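No value in this document is a laboratory result; all are computed from the given coordinates. Please read these numbers as outputs of a predicted model, since none were measured by experiment. Virtual Cβ from ideal backbone geometry, glycine too; neighbours counted across all protein chains shown.
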Amino acid sequence: MSPDGLVAQAIAYIGMLCILSAFTLETRDVLHSKQPLYLWLMATGSGLLGVRAYLVSEWAFFVLEFVWFLAAALALMRGKKDGLAA
């Protein structure tokens, strides 16, 4: 595997771990889906997976992850505007 392939794979695994951590913590009632930590994990994970999708030209997955990232980022910005602690 080329160095670029290793980087893309590492990005994918880190992104996957962020999203799976957020989902697992939310389904165990440790986090709520509107809490800043959950949103940061989702934004980070989907952002990284979006970068990976771009690097390997997986365009449908790129669009999915970009929209997911955007939704989480907008929720974080709305929370800061509403005075919620980040």
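What percent does the relative contact order of the chain come to when contacts are Cα pairs within less than 8 Å and at least six residues apart? Each step should come with its number before you reach the end.
Numbers: 90 pairs, mean separation 24.9, N = 86.
Across the chain, relative contact order equals 29 percent.
Can you tell me the order of 14-25, 52-63 when each peptide is scored by its average per-residue count of other Cβ atoms within 10 angstrom, highest first?
On the way: 14-25: 16.7, 52-63: 14.8.
Ranking, from highest mean packing down: 14-25, 52-63.
Given 10 Å bins starting at zero, what is the percent of C-alpha pairs of region 1-69 in each, up to the one with the largest pair distance?
24, 46, 24, 6, 0
Return the ratio Rg/(2.2 N^0.38 Å) for region 33-80, where Rg is computed over Cα atoms only. Numbers along the way, then the final one.
Values: Rg = 11.0 Å, N = 48, 2.2 N^0.38 = 9.6 Å.
Here the answer is 1.15, to two decimals.
Taking the dipole about the Cα centre of the chain, with the C-beta of Lys and Arg at +1 and of Asp and Glu at -1, give me whichever of Tyr13, Met42, Met77 is farthest to the positive side.
Met77
Mind pulling the angle between the C-alpha long axis of helix 59-81 and the longest principal axis of the chain? Nearest 10 degrees, somewhere in 0 to 90.
Between the helix axis and the principal axis of the chain, the angle is about 30 degrees.
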